[in-house]
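Student: Below you will find the structure I want to go over with you.
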Amino acid sequence: MSASTGLATRSLRNIRRLPSAFIPALLMPVFQVVSFSGTYAGVTQMPGFPTDRSVNWYLPMAVTMGASFAGLGTGFSMIRDLQTGFYDRLRMAPTTRRQLLLGPYLAAWARALIAVVLVTLVGLALGARPVGSGLGMFGLVLAGVGMATIGTGWGLGLAYRFKDMRAAAIMQLTLFLGLFLTDAQTPIEVMQGWLQTVARWNPLTRVLHVARMGFIDGLGGRDLLIGTLVMAGLAGITWMFALSGLSSLDD
Amino acid sequence: MTAVAIGRREQLIALSWRSVLSIVRQPSVVVPSLVFPLFFVALGTSSFGRAVNIPGFPVVDSFLDFALAGSVVQGVLFGSVTSATALATDIETGFFDRLLATPSTRAGILVGRLAGAMAYGLAQTLFFTLVLFPFGLSIKSGPIGLLAMMIGGLLTALAVGSVMSTMAIRTGSSEAVQGSFPLIFILLFFSSAFFPRQTMSGVYRYIANVNPISYLVEGFRSLTIESLTLQAVAQTILIPALIAVGGLALSLRSLRRRLAAS
Amino acid sequence: MPPQSSNAPIVARNLVRTFGSGERLIRAVDGVDLEVAAGEVFGFLGPNGAGKSTTVRMLTTLLRPTSGSATVAGFDIVSEADSVRRSIGVALQDAAIDPLMTGMELLKLQAVLYGIARGEQHQRAGDLLERVGLSAAADRRVGTYSGGMRRRLDLALALIHEPTVLFLDEPTTGLDPMSRLALWDEIRRLNNDGTTVLLTTQYLEEADQLADRVAIIDNGRIVRDGRPDELKSEVGAPTLLITVAEHATSAAETVLAQFGESRPTAEGTLGVGLRDGAGEVSAVVRALDALGINVEHLELRAPSLDDVFAEATGHRLEGAS
């Protein structure tokens, strides 16, 4: 077992021992897919809406959101470890700083997969139906893992810098806003006004498109490519953000 | 409102003022109760602007007009959960017991504690309306309608505050009160607060039809998108008033039990 | 450039650490020189905020020095941090451990982090639990441990990779006397096995009992260092402590000044270092009596580390008896 899997094991074990820290993050996307699909059932009647099932539109959004918050969950745990001083112990271990970071990432991926599977099952039960190629699950998992990676880097980086609950508020708020300032609620072509511009330029819109690939007609290889590049880019940037945050703990 | 004996008015004012301060001094209250509702209005106006023409959507000038009612109720609900949390904290720290030891009426103490939330509810209603005016909001029922909405906002704060206070008094735990936050969210989402009931189907429509929040929001909404009617005014004021009466009765009863038990 | 020519396990040269900047600049550690010899127990003494923990955090690679340099186990704490980490064991203040994990799990995680071979992890963890007397609690969550148990687990964690240098940051703060004695025994045992120990403490008795050498730090600087008995004999004169009625305090001070230099004491008590030794006590009492000053309490103390501390810093150590 390497240092990072050791840390990931600990983190996953702690989910079971402190479920109150994990369950809300899991229930939120479930609530989202349930409520959005029903409350906004009528949106599919808007001219130009690309599906006649609202759940097909909102399931990928909820999955992406849930996976992102699974990533942020590691940021919350990090705040706890920093505040108890436990993290000092880990920092004194002769493991590379990369290994120290990789542990939470592994845990986040595992958490995200749980969220992706659960939310998807709920979505399917609510009537979501994959279209076309049958790549539905692939897009959901890819976007889920991607956002979990981005959320982890962002969450850890903020946790290392603020070291207290302020980081938790900032990471939640920014990711929440970032994901809603996209075509989360309606397609760009259907919107009016300012959000159209914002959503078009928001890179997270491209991530949502990857998640939607298997549930909305008209998305294809190009969207997959762009979305994957966006995720890789953001994952790289947030990894650097986390790594520099970790080394700033020595300052 | 319950009568407060003369001479105790000053005390009530002091308690109310304290509770107003406790609200506006917390960014964790101001953000969800002012910023979030406005953010969702802005988002909705852009996302759902074209939805106003789908079958079942009420006749409105814009989605903004439609959305005001939902954001007012959302803001007030979130704001008043906080004041009930503050009450639970008062109980936890023993401050509440000290108040009870003073010669004020029980109802006076309770209403005083909730007065901050009530004033805040009224202010929120005005605030949302004023902020959204420059973006094209119109209140079809005019100034009288707006006044009715502000009173409705105040009463809604009292209604939710008193119901949540019952929980605060029974559990004496601020965590339990705070923990009910998701419940409020669910209640709000499975209503017509954000989208018309008439466009929903199946179970969702059924829940929205029986959810009192739907009717509360629709009172505010009628005052925004239709001309002034007595029915809309009554809906906006009476629904929260009835809930408030029930909530106060419940919370006073819990208070009596708490006092009897201690 | 690293000026270390010494091969002592801990060497610090002009170590400085500041926090903040501009007007709010705090020099937490302000030019510390240290040299701890192999096999020594070195006591690092000082009140809260004197710079003890900051120095330890630098030596254990948790914090980068602002300037100056140090080597631990022969490795530079900045450029060879990883090698330092491999050589040292650290038990931190407050025994920060994850309350959700069991003692066994924590030790195994520590073993993984220190690259101990998979086959040996369980054995090693079990041995250490046994050694610190926690075998029975091995599978209980740490959150249920008492303060003393947590400290012992903390020590076990620090020993997982058999370090040659051990840092103990206030290892017994907050412990009951029994647990404290048990921990002292364990530290002595480790030292006898050849481990070099640097321990910080606010308890003078602890330093007196355990340390071969002590350094006193105050305001970020080392103000005294040496063997405890040497330091005590440097202070020389025993301290006479007297308590008199409040109105007579200043008159009493004048009298005491004839017998030696005044020494810092607790509130309401006067202290004087008797220039000519313990034999002068009766003279002091007679002098006070002659002025009609009633002595309420009188106590003579042989020089202690507390006196060394007081003489060096001008104030007494918090928590000192």
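Only the coordinates and a few stated rules stand behind these numbers; no lab work does. Just so you know, these numbers come straight off a predicted model, no measurement behind them. Please note: Cβ atoms are built from the backbone with ideal geometry, for glycine as well, and neighbour counts cover all protein chains shown.
Student: Sorted from largest down, what three extents in whole angstroms do the Cα atoms of chain B have along their principal axes?
Tutor: That gives 59, 37, 34 Å along the principal axes, largest extent first.
Student: Can you work out ³J(HN,Hα) from phi for every residue in segment C:137-154, in order, using Karplus 6.51 cos²θ - 1.76 cosθ + 1.60 and θ = phi - 60°, giving whole Hz and x for Gly and Pro?
Tutor: Each residue's phi maps through the Karplus curve to give 9, 3, 9, 8, 5, 4, x, 8, 6, 7, x, x, 5, 5, 5, 5, 5, 4 Hz.
Student: To the nearest 20 debye, what is the magnitude of the charge dipole of segment B:3-261 about its Cα centre, counting +1 on the Cβ of each Lys and Arg and -1 on the Cβ of each Asp and Glu?
Tutor: In debye, rounded to 20, segment B:3-261 gives about 600.
Student: Select from B:Trp17, B:Thr102, B:Ile144 the residue farthest towards the positive end of the dipole of segment B:1-150; place +1 on Cβ of Lys and Arg, -1 on Cβ of Asp and Glu, and compute about the Cα centre.
Tutor: So the residue we want is B:Thr102.
Student: In a GNM of chain C with a 10 Å cut-off on Cα contacts, which of C:Met104, C:Met58, C:Met178 has the highest mean-square fluctuation?
Tutor: Fluctuation is largest for C:Met178.
Student: Ok, one more. How do B:Phe133, A:Phe176, A:Phe215 line up, fewest other C-beta atoms within 10 Å first?
Tutor: Starting with the residue having the fewest Cβ neighbours, the order is B:Phe133, A:Phe176, A:Phe215.
Student: Please report the spacing between the Cα centers of segment C:242-307 and segment B:90-144 in Å, no decimals.
Tutor: Each part's Cα centre sits 66 Å from the other's.
Student: With point charges of +1 on the Cβ of Lys and Arg and -1 on the Cβ of Asp and Glu, referenced to the Cα centre of segment A:2-248, which listed residue (A:Ser11, A:Leu124, A:Met147) lies farthest in the positive direction of the dipole?
Tutor: The one lying farthest along the dipole's positive direction is A:Ser11.
Student: Additional query: How many partner chain Cβ atoms sit within 10 Å of a residue's Cβ in peptide A:74-83, on average, as a whole number?
Tutor: For peptide A:74-83, the averaged partner shielding equals 1.
Student: Take every DSSP beta bridge with both residues inside the protein assembly as shown and express the antiparallel ones as a percent of the total, to the nearest 5.
Tutor: 65
Student: Grab the eigenvalues of the alpha-carbon gyration tensor for segment B:144-245, scale each by 5, take roots, and send me the semi-axes largest first in whole angstrom.
Tutor: Over the Cα atoms of segment B:144-245, the semi-axes work out to 25, 19, 9 Å.
Student: For the pair C:Ala290/C:Glu162, report the inter-label distance in nm, with labels modelled 7 Å from Cα in the Cβ direction.
Tutor: About 7.0 nm, to one decimal.
Student: Additional query: Running a GNM on chain C with Cα contacts under 10 Å, which residue among C:Gly115, C:Gly273, C:Gly147 ends up with the highest mean-square fluctuation?
Tutor: Of C:Gly115, C:Gly273, C:Gly147, the most mobile in the Gaussian network model is C:Gly115.
Student: Now a separate question. Grab the beta carbon distance between B:Arg257 and C:Ser250, set R0 = 56 Å, and tell me the FRET efficiency rounded to 0.05.
Tutor: Efficiency, from the Cβ-Cβ distance: 0.30.
Student: Rounding to the nearest 20 debye, state how big the charge dipole of chain C is about its Cα centre with +1 on each Lys and Arg Cβ and -1 on each Asp and Glu Cβ. Mind dumping the intermediate values first?
Tutor: Details: 31 positive and 45 negative charges, 215 e Å.
I would put it at about 1040 debye.
Student: Okay, next question. Among A:Met92, A:Met28, A:Met213, which comes first, then next, by fewest other beta-carbon atoms within 10 Å?
Tutor: The order, fewest Cβ neighbours first, is A:Met28, A:Met92, A:Met213.
Student: Please find, in a Gaussian network model of chain B (springs between Cα atoms separated by less than 10 Å), the residue of B:Leu34, B:Leu130, B:Leu238 whose mean-square fluctuation is greatest.
Tutor: Taking springs between Cα atoms under 10 Å, the residue moving most is B:Leu130.
Student: What are the ³J(HN,Hα) couplings of segment C:223-240, residue after residue, when phi is run through the Karplus curve with 6.51, -1.76, 1.60 and θ = phi - 60°? Round to Hz, x for glycine and proline.
Tutor: 9, 8, 8, x, 6, x, 5, 4, 4, 5, 6, 5, 5, x, 4, x, 9, 9
Student: Using only the Cα atoms of segment A:2-248, what are the Rg and Dmax in Å?
Tutor: 18.1, 60
Student: Ranked by Cβ crowding within 10 angstrom, fewest neighbours first, how are C:Ser87, C:Ser304, B:Ser192 ordered? Could you put the intermediate results ahead of the total?
Tutor: Numbers: C:Ser87 17, C:Ser304 20, B:Ser192 26.
The fewest-first ordering by Cβ neighbours comes to C:Ser87, C:Ser304, B:Ser192.
Student: Rg over Rh of the protein assembly as shown, using C-alpha atoms and the Kirkwood radius, what does it come to?
Tutor: With Rh from the inverse mean 1/r over Cα pairs, Rg/Rh is 1.08.
Student: Give the separation of the Cα centroids, segment C:43-73 to segment A:223-251, in Å.
Tutor: Value for the Cα centre distance between the two parts: 33 Å.
Student: Something else about it: Please list, in order along segment B:63-77, the HN-Hα scalar couplings obtained from phi with the Karplus expression 6.51 cos²θ - 1.76 cosθ + 1.60 (θ = phi - 60°), rounded to whole Hz, x for Gly and Pro.
Tutor: 5, 4, 4, 5, 7, 3, 4, x, 6, 4, 5, 4, x, 5, 4
Student: Report the trypsin sites (Lys or Arg not before Pro) located in segment C:223-299 that are in a DSSP loop and have at most 13 other Cβ atoms inside 10 Å of their Cβ, or state none.
Tutor: C:Arg275
Student: To the nearest 20 debye, what charge dipole does segment A:2-248 have about its Cα centre, counting +1 at the Cβ of each Lys and Arg and -1 at the Cβ of each Asp and Glu?
Tutor: For this selection, approximately 860 debye.
Student: Right, another one. Using amide H atoms built in the peptide plane, which far-off residues or other-chain residues are under 5 Å from C:Arg213 H to H?
Tutor: Correct list: C:Val41, C:Gly43.
Student: Sticking with this one: Which one of A:Ser2, A:Leu219, A:Leu102 is farthest out on the positive end of the charge dipole of chain A, using unit charges on Cβ (Lys, Arg +1; Asp, Glu -1) and the Cα centre as origin?
Tutor: A:Ser2
Student: Then there's this: Along each of the three principal axes of the Cα atoms of chain C, give the extent in whole Å, ordering the values from largest to smallest.
Tutor: For chain C, the Cα extents along the three principal axes come out at 80, 49, 38 Å.
Student: Moving on. Would you calculate the convex hull of the Cα atoms in segment C:165-321 and tell me its volume per residue in Å³?
Tutor: 129
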